[in-house]
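Okay, structure first, notes after.
The values are calculated or read from the model by the stated rules, or taken from the named source; none is laboratory data. Quantities reported herein were computed from a predicted structural model and do not represent experimental measurements. Don't worry about glycine lacking a Cβ; one is built from the backbone with ideal geometry, like all the others, and counts go over all protein chains shown. These area figures cover heavy atoms from the full protein model, side chains too; ligands, DNA and RNA do not enter into them. Shrake-Rupley method; radii C 1.70, N 1.55, O 1.52, S 1.80 Å.
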Amino acid sequence: MDEKLILKAEDIHTWFPVRGIAGRTINHVRAVDGVSLSLYRGETYGLVGETGCGKSTLGRTLIRLLEPNKGRILLDGTDITHMSARQLLPLRRRMQMVFQDPYSSLDGRMHIGDILTETLQIQKRGNRKENMDQVLRILSDVGLLPEHIYRYPHELSGGQRQRVGLARALLTEPELIICDEPVSALDVSVRSQIIRLLLDLQRERDLCYLFISHDMSVVRYMADRVGVMYLGHLVEEAPADELFEHPLHPYTQVLLSAVPVPEPGTHRMRIVLDGELPSPLSPPPGCPFHTRCPRATAQCREIAPEFKETADGHLVACHQP
Amino acid sequence: MAEHLLELNNLTTGFHTERGDAIAVQGVSFHVDAGEIIALVGESGCGKSVTSQSIMRLYDEKRTAWYEGEVLFEGRNLLALPEKEMRQIRGGQIAMVFQDSLSSLNPVFTCGDQIMESIRIHQHLPKNEARKNAVEMLRLVGIPDPEERFSQYPHELSGGMRQRVMIACALSCHPKLLIADEPTTALDVTIQAQIMELIVKLNKELNMGVILITHDLSVVAETCSRVAVMYLGQVVEEADVAALYSHPCHPYTKGLLKSIPRVSGGRREELYIIEGTVPLLSQIPKGCRFCPRCPYAIPACSEQSPELIAMPSGHKVRCLRAAELQEEV
């Protein structure tokens with residue numbers, strides 16, 4: 001398995017400073033607070049969690065769009081944790097990102113051809129003609145037509161824009177793509193087209209996806225392994241089938257029970273949580289979930305549980321799994 | 001036959017645009033009874049929101065829009081009412097909850113003020129009584145410490161709490177009909193579950209009719225009794241929830257249902273794809289509107305516009321081949 005390892009993150013902390021009077025840092029938003037994970041070639045790692053749990057921040061930290069305060073990120077054994085932008089540039093080729101909102105992530109004043117060739121110019125690839133050939137090849141791979149290079153983003157539909165976003169990521173022939181909610185803004189019929197495209201591209205190119213989403217059904221369909229985040233922590237990680245069939249962490253169980261099922265008459269037991277998400281400015285001591293956990297004990301309130309393996313590949317951070 | 005709470009007869013809504021009239025909703029008919037939740041389902045641009053806003057007559061009839069057909073609310077045609085009477089109905093007897101609670105609530109007034117406003121306008125109550133009612137409303141929608149939340153501003157609340165305030169606003173004048181336009185789309189699953197549960201509970205307790213507008217077929221399955229599926233401004237299929245999910249008749253409904261991934265499923269089955277994209281309103285295809293994307297299309301489909309026909313099974317379907325397709329599962 002180890003030769004398939006692309007990226008390894010150890011104990012990542014990404015904190016954002018909160019500034020008070022005179023720009024002094026008075027506190028930190030602990031967006032990611034000690035997460036370790038490994039990504040392997042050819043797999044899809046689904047990262048789920050609710051708004052504000054730090055899943056996007058983690059994704060951005062892993063490909064060094066953000067610099068972590070603590071921890072280590074290894075790309076194929078190379079430590080990229082504190083590399084400068086210049087040092088990172090050649091490595092960026094290998095890790096790319098697809099964003100949720102393709103409209104705001106494409107420059108509205110450039111046409112599609114320019115948006116795509118810009119990527120190659122930054123990477124200082126080939127001459128103009130070679131670059132254009134490659135752009136045309138990628139466009140057809142993602143199901144767009146050559147004539148689309150003269151269009152502007154606003155002339156395309158949501159699905160087509162997401163295809164452009166994907167084409168831009170694929171241009172540098174990356175090994176790892178961070179997909180941050182790539183299908184959340186799309187309609188049902190368009191969503192299934194993009195999901196199929198993502199899976200086909202993965203098969204052809206042995207890509208690794210970090211698939212960030214709040215939609216459990218889509219993650220179930222896409223992912224090989226799934227990690228669940230809560231308040232900056234990874235609380236459970238397991239192969240997809242294992243996680244969806246035998247969730248161990250109480251938070252995972254709550255999340256799964258809330259997912260609506262498109263079959264009338266199947267009313268499942270829904271676990272309703274009390275209270276609201278604690279603020280990441282002052283996370284609770286002990287287990288981050290203990291304030292809302294139905295199984296919390298005195299131990300949970302004081303000691304943070306370790307993230308440990310209970311069965312083959314199934315990790316959970318809970319005192320009473 | 002008993003009178004329905006709300007009945008739409010051939011509602012058509014068009015907009016004047018620079019390139020001529022665009023007809024966003026064409027010939028939509030359905031009805032809602034008291035105590036029932038019916039869903040309007042469809043993708044972006046299918047006309048589900050326009051339908052709901054036409055019921056409330058929210059478009060500027062002098063300049064931008066025109067309506068045809070009938071919207072009968074307790075037997076009165078809303079489209080023929082003078083504006084003054086319409087104002088009594090809006091927010092009074094028919095209320096609406098919108099998707100984006102942050103932009104629908106006024107940021108410079110407290111939540112309590114906004115609930116009180118509609119109570120005072122519609123029920124002409126003095127301030128202290130209106131306040132009492134508003135706090136009661138906040139309690140009804142499950143907001144903890146309603147007294148305290150009353151004087152908070154919308155930005156101080158979480159998304160789920162704001163959506164509850166919106167519902168409290170809508171319910172404050174005891175409407176007979178609630179229109180919920182994508183009430184949970186911007187919310188997380190756990191919060192979505194809470195809000196849907198609240199809407200179902202209030203629907204039973206207050207015996208209101210509810211029109212739930214959504215693109216999420218899973219939410220519909222768990223809450224509604226009847227569903228109307230819309231495509232490009234027309235209702236293409238209407239049926240009871242159970243019948244629609246077990247025997248979808250229209251090819252579009254079939255496709256939609258097959259293209260949702262399921263939590264219980266895994267990835268063994270290929271996800272179905274509806275080919276192509278929704279055409280623009282200015283390029284509506286001839287004949288059946290779904291014909292260019294339909295896997296079951298026959299030559300007649302591009303010639304003849306099908307009507308919404310009632311089937312023996314209780315479905316209403318707009319498809320030439322509905323009878324044959326029903327056999328197929």
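For A:D114, are the conditions met, namely being under 24 Å from the mean Cα position of the chain (by Cα), more than 19 Å from A:D180 (Cα to Cα) and among the acidic types (D, E)?
Criteria not met by A:D114.
Only one residue in A:I26, A:I80 is more than 17 Å from the chain's Cα centre (by Cα) and open to solvent by 60 Å² or more (accessible area, probe 1.4 Å). Which one?
Checking each option against the conditions leaves just A:I26.
Please go through region B:84-99 and pick out each residue that is open to solvent by 10 Å² or more (accessible area, probe 1.4 Å) and in a helix (DSSP H, G or I).
Result: B:K84, B:E85, B:R87, B:Q88.
Could you tell me which numbered condition B:T253 fails, if it satisfies all but one of (1) over 21 Å from B:R321 (Cα atoms); (2) free of Cβ contacts under 8 Å to residues at least 40 places away in the same chain; (3) open to solvent by less than 10 Å² (accessible area, probe 1.4 Å)?
Unmet for B:T253, out of (1) over 21 Å from B:R321 (Cα atoms); (2) free of Cβ contacts under 8 Å to residues at least 40 places away in the same chain; (3) open to solvent by less than 10 Å² (accessible area, probe 1.4 Å): (1).
Condition check ((1) away from chain B (no Cβ under 11 Å); (2) crowded, with 20+ Cβ neighbours inside 10 Å; (3) assigned to a helix (DSSP H, G or I)) across all residues:
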site: A:L136; (1), (2), (3): yes, no, yes
site: A:R161; (1), (2), (3): yes, yes, yes
site: A:R191; (1), (2), (3): no, yes, yes
site: A:I195; (1), (2), (3): no, yes, yes
site: A:L199; (1), (2), (3): no, no, yes
site: A:Q202; (1), (2), (3): yes, no, yes
site: A:Y221; (1), (2), (3): no, yes, yes
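May I ask you to say which residue of A:G108, A:G143 is touching a Pro at 6+ places or on another chain (Cβ under 6 Å), among the small types (G, A, S) and either open to solvent by 10 Å² or more (accessible area, probe 1.4 Å) or in a loop (DSSP other than H, G, I, E, B) (or both)?
A:G108
Being open to solvent by 40 Å² or more (accessible area, probe 1.4 Å), within 24 Å of the chain's Cα centre (by Cα) and either more than 9 Å from chain A (Cβ to nearest Cβ) or basic (K, R) (or both) is the filter here, so list the residues in region B:256-297 that pass it.
B:K258, B:R262, B:L280, B:L281, B:S282, B:I284
Checking B:A300 against (1) of a type outside the set (D, E, K, R); (2) in a helix (DSSP H, G or I); (3) touching a Lys or Arg at 6+ places or on another chain (Cβ under 8 Å), only one condition comes out false. Which one?
Every listed condition holds for B:A300 apart from (3).
Select, from A:G71, A:G77, A:G49, the only residue that is in contact with a strand residue (DSSP E or B) (Cβ under 9 Å, 6 or more places away or on another chain) and within 14 Å of chain B (Cβ to nearest Cβ).
Within the list A:G71, A:G77, A:G49, the selection yields A:G49.
Which of the residues belonging to region A:251-285 are open to solvent by less than 20 Å² (accessible area, probe 1.4 Å) and either assigned to a loop (DSSP other than H, G, I, E, B) or touching an Asp or Glu at 6+ places or on another chain (Cβ under 7 Å) (or both)?
A:T252, A:V259, A:P260, A:V261, A:P262, A:L273, listed by residue number.
Mind counting the residues in region A:294-321 that are touching a residue at least 60 places away in the same chain (Cβ under 8 Å) and either in a loop (DSSP other than H, G, I, E, B) or within 14 Å of another protein chain (Cβ to nearest Cβ) (or both)?
Count: 5.
Quick one: in region B:242-254, which of the residues that are in a helix (DSSP H, G or I) and more than 7 Å from every other protein chain (Cβ to nearest Cβ) is farthest from B:S49 (Cα to Cα)?
Looking at the filtered set, the residue picked out is B:S246.
Counting only residues that are touching a strand residue (DSSP E or B) at 6+ places or on another chain (Cβ under 6 Å) and within 19 Å of A:T310 (Cβ to Cβ), which one in region A:243-285 is farthest from the other protein chains (Cβ to nearest Cβ)?
So, considering only residues that are touching a strand residue (DSSP E or B) at 6+ places or on another chain (Cβ under 6 Å) and within 19 Å of A:T310 (Cβ to Cβ), the one farthest from the other protein chains (Cβ to nearest Cβ) is A:L248.
Any residue at all in region B:62-71 that is open to solvent by less than 50 Å² (accessible area, probe 1.4 Å), at pLDDT 90 or above and either outside any strand (DSSP E or B) or over 23 Å from B:L280 (Cα atoms) (or both)?
Yes, there is a match, as at least one residue in region B:62-71 is open to solvent by less than 50 Å² (accessible area, probe 1.4 Å), at pLDDT 90 or above and either outside any strand (DSSP E or B) or over 23 Å from B:L280 (Cα atoms) (or both).
Failed condition for B:I274, given (1) under 16 Å from B:E324 (Cβ atoms); (2) in contact with a Lys or Arg (Cβ under 7 Å, 6 or more places away or on another chain), with all others met?
The single condition B:I274 does not satisfy is (1).
Of everything in region B:138-165, what is in contact (Cβ under 8 Å) with a residue 60 or more places away in the chain and in a helix (DSSP H, G or I)? Give them in sequence order.
B:L140, B:R162, B:Q163, B:V165
Return the residue satisfying two criteria in turn: it lies in region B:176-213 and is open to solvent by 10 Å² or more (accessible area, probe 1.4 Å) and under 18 Å from B:S54 (Cα atoms), and of such residues it is farthest from the other protein chains (Cβ to nearest Cβ).
B:K176
Among (1) among the polar types (S, T, N, Q); (2) within 12 Å of another protein chain (Cβ to nearest Cβ); (3) over 24 Å from the mean Cα position of the chain (by Cα), which single condition is A:T291 missing?
That leaves (2) as the condition not met.
Residue under question is A:V235, and the condition is that it be part of a strand (DSSP E or B), open to solvent by less than 10 Å² (accessible area, probe 1.4 Å) and within 12 Å of chain B (Cβ to nearest Cβ); does it hold?
no
Are any residues in region B:214-241 more than 9 Å from every other protein chain (Cβ to nearest Cβ), in contact with a helix residue (DSSP H, G or I) (Cβ under 8 Å, 6 or more places away or on another chain), open to solvent by less than 10 Å² (accessible area, probe 1.4 Å) and small (G, A, S), and if so, which ones?
B:G233 - this is the single residue of region B:214-241 that is more than 9 Å from every other protein chain (Cβ to nearest Cβ), in contact with a helix residue (DSSP H, G or I) (Cβ under 8 Å, 6 or more places away or on another chain), open to solvent by less than 10 Å² (accessible area, probe 1.4 Å) and small (G, A, S).
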